[in-house]
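Asker: Handing you this structure, nothing more for now.
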Amino acid sequence: MEFLDHNHDLLLVSMSCLVALVAGFIGLSLTRDLSQKSVVQKKFSIALASIALGGGIWSMHFVAMLGLQLPILFYYDAAITLVSALTAILIVAAALVLLHFLDRTPRLIAAAGGLVGLGILVMHYIGMAGLELCRAVYTPLGIAASSVVAIGLCIVAFSVAYGSRTNRNIILGTLCFAAAVSLVHFLAMAGTRFVPEPTLGEFGPIMSNEFLALGVILTSFVLFGTFLWVSVTYLVASPENLAPKPPEADNRPGLQVPCERDGTKVFVAAQDVAIVRADGHYTQVYTEQDRLFCVWPITEAHKRLAPQGLLQTHRSYLVNPLKVARFERSKDKGRCLFDTGGLPPVPVSRSKLKTVQDALAAQDGAVRAS
């Protein structure tokens, strides 16, 4: 088998790495603070982040492929090229749904990172299958090396970015994600040879390098435009700047929570609320004596009761720290306990542990777990 000589344009290779970096920053930044948003907003942000990350994987690959130089004319199958983009976006979306709709344990974060790494690999090899008039021939070493790097670096990227949702961690996660996308492509290409094919395939319409370049330029333009927008809001609306004010700084006395008991409307003073628990599109409000139905969704309850001092311990729970008697922590989770027998324990998710511990440490009668 006679292999074709091939080369790469270093400028386009460099640009492809920049595209991967930009896409990673956009995708990981768009998913900040989703626990404080409604379900519709959360789904919309995940969809945008999936397009940014999956589209960035695709764009990086084909920017680099535009720099591929072969001694023969070659084309791309438009249908297979489109399938490769959709595959990357859908696999990334599946990983983000796992991260934002299930309890975010270290094992789940690693699984989501591995899934994104798999998406990079699948996208690469589907995209390469779209070559026309030449065929890619792979070596086992190239496939193995690219697979290990893709899955390993993506697990590291998501473990860093989702271990603690700080600006620093998101930037470090972005660097790991960009390295994963870029290294997978170049390791796979290092173990790839090309042979000429005498005929065109018949799967979909044929697309020239020039036409592909237009598509890549368009997607890259959108990515870089979004990057500028996210960069501005990143500093103005960072998680640190959006941290809730202490209760004393925004205390509105007299707030009444509208509830129902046996069909009768009851108003409960905010300071008498011990627990608020999500119940579908509504909530259950616990006081020391009663459990009441409230028409507020958990997002509305958080918006109104956070200034009164209630803490969000979990995406489905708010708790009044003044009512908490004891805090217990076990590995990556915790729970708040109450002296009143009618109040159930309240779970504390991993992402809220530090905030809840710090708030409860200042409360009289609360024992902070070590």
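Asker: In deg cm²/dmol, rounded to 500, what helix-only [θ] at 222 nm does the chain give when every DSSP H run of at least 4 residues adds -39500 (n - 2.57) and the total is split over its residues?
Answerer: The helix-only estimate for the chain comes to -18000 deg cm²/dmol at 222 nm.
Asker: Now, a different point. Please sort 314-327, 349-362 by packing, taking for each peptide the average over its residues of neighbouring beta carbons within 10 angstrom, highest first.
Answerer: In decreasing order of mean packing, 314-327, 349-362 become 314-327, 349-362.
Asker: What is the angle, in °, between the Cα long axis of helix 39-66 and the longest principal axis of the Cα atoms in the chain? Nearest 10 is fine, range 0 to 90.
Answerer: 20 degrees
Asker: What order do H302, H61, H281 take when sorted by accessible area (1.4 Å probe), most exposed first?
Answerer: H281, H302, H61
Asker: Compute the orientation-averaged projected area for the chain from the convex hull of its Cα atoms and round it to one decimal in nm².
Answerer: Reported value for the Cα convex hull: 21.9 nm².
Asker: Mind grabbing the accessible area of Y125 for me, 1.4 Å probe, Å², rounded to tens?
Answerer: 50 Å²
Asker: Defining a contact as two alpha carbons under 8 Å apart and six or more residues distant in sequence, what relative contact order in percent does the chain show?
Answerer: It rounds to 15 percent for the chain.
Asker: Something else now. Could you give the Stokes-Einstein D for the range 288-370 in µm² per second, using the C-alpha Kirkwood radius, 10 °C, 1.306 mPa s?
Answerer: Using the Kirkwood radius from Cα pairs, D works out to 121 µm²/s.
Asker: Tell me whether the range 171-228 comes out rounded, prolate or oblate; compute the Cα gyration tensor, take square roots of the eigenvalues as a ≥ b ≥ c, and use a/c under 1.5 as the rounded threshold.
Answerer: Taking the square roots of the gyration eigenvalues as a ≥ b ≥ c, the range 171-228 is oblate.
Asker: What list of ³J(HN,Hα) couplings, whole Hz, do you get for the range 278-295 from phi and the Karplus terms 6.51, -1.76, 1.60, once you set θ to phi - 60° and write x for glycine and proline?
Answerer: 5, 9, x, 8, 10, 9, 10, 10, 9, 10, 5, 10, 10, 10, 10, 8, 10, 7
Asker: Leaving ligands, DNA and RNA out of it, report the carbon-plus-sulfur percent of the accessible area of the chain at a 1.4 Å probe.
Answerer: 63 percent
Asker: For the range 44-114, what's the relative contact order in percent, using C-alpha pairs closer than 8 Å and at least 6 residues apart?
Answerer: With pairs under 8 Å counted, the relative contact order is 45 percent.
Asker: Report the accessible area of F221, computed with a 1.4 Å probe over the heavy atoms of all protein chains in place, in Å² rounded to the nearest 10.
Answerer: Near enough 150 Å² of accessible area.
Asker: How charged is the neighbourhood of A136? Take every other residue with its Cβ under 11 Å from the Cβ of A136, and add Lys/Arg as +1 and Asp/Glu as -1.
Answerer: Its environment carries a net charge of +1.
Asker: What ranking of F224, F194, F338, F44 comes out by heavy-atom accessible area, probe 1.4 Å, highest first?
Answerer: Largest accessible area first, the list is F44, F224, F338, F194.
Asker: If you take the square roots of the eigenvalues of the alpha-carbon gyration tensor of the range 322-363 and sort them as a ≥ b ≥ c, do you get rounded (a/c under 1.5), prolate (a/b over b/c) or oblate?
Answerer: oblate
Asker: Considering only the other residues whose Cβ falls under 15 Å of the Cβ of L115, what net charge follows from Lys and Arg at +1 and Asp and Glu at -1?
Answerer: That sum, taken over residues with Cβ under 15 Å, equals +2.
Asker: Another question about this same structure. With every protein chain left in place, what is the accessible area of I217 in Å² (1.4 Å probe, nearest 10)?
Answerer: 110 Å²
Asker: Here is a further query. Residue by residue, what Karplus-based ³J(HN,Hα) values in Hz, rounded to whole numbers, does the range 15-21 have, using 6.51, -1.76 and 1.60 with θ = phi - 60° and x for Gly and Pro?
Answerer: The phi angles translate into 5, 5, 5, 5, 4, 4, 5 Hz.
Asker: For C259, list long-range residues whose amide hydrogen, built 1.01 Å from N in the peptide plane, is under 5 Å from its own amide hydrogen.
Answerer: V266, F267, V268
Asker: Also, quick follow-up: Using a cut-off of 21 Å between alpha-carbon atoms, which lysines can reach K331, once sequence neighbours fewer than 8 places away in the same chain are excluded?
Answerer: K352, K354
Asker: So how tilted is helix 106-129 from the main axis of the chain? Cα-based, degrees 0 to 90, rounded to 10.
Answerer: The angle comes out near 20 degrees.
Asker: In square angstrom, what is the accessible area per residue of the chain with a 1.4 angstrom probe?
Answerer: On a per-residue basis, 49 Å².
The values are calculated or read from the model by the stated rules, or taken from the named source; none is laboratory data. Predicted model, so just to flag it, every value in this text is computed and none were measured. Note that each Cβ is placed from the backbone with ideal geometry, even for glycine, and that neighbours are counted across all protein chains shown. Side chains are part of the model used for accessible areas, which takes the heavy atoms of the whole protein and leaves out ligands, DNA and RNA. Shrake-Rupley method; radii C 1.70, N 1.55, O 1.52, S 1.80 Å.
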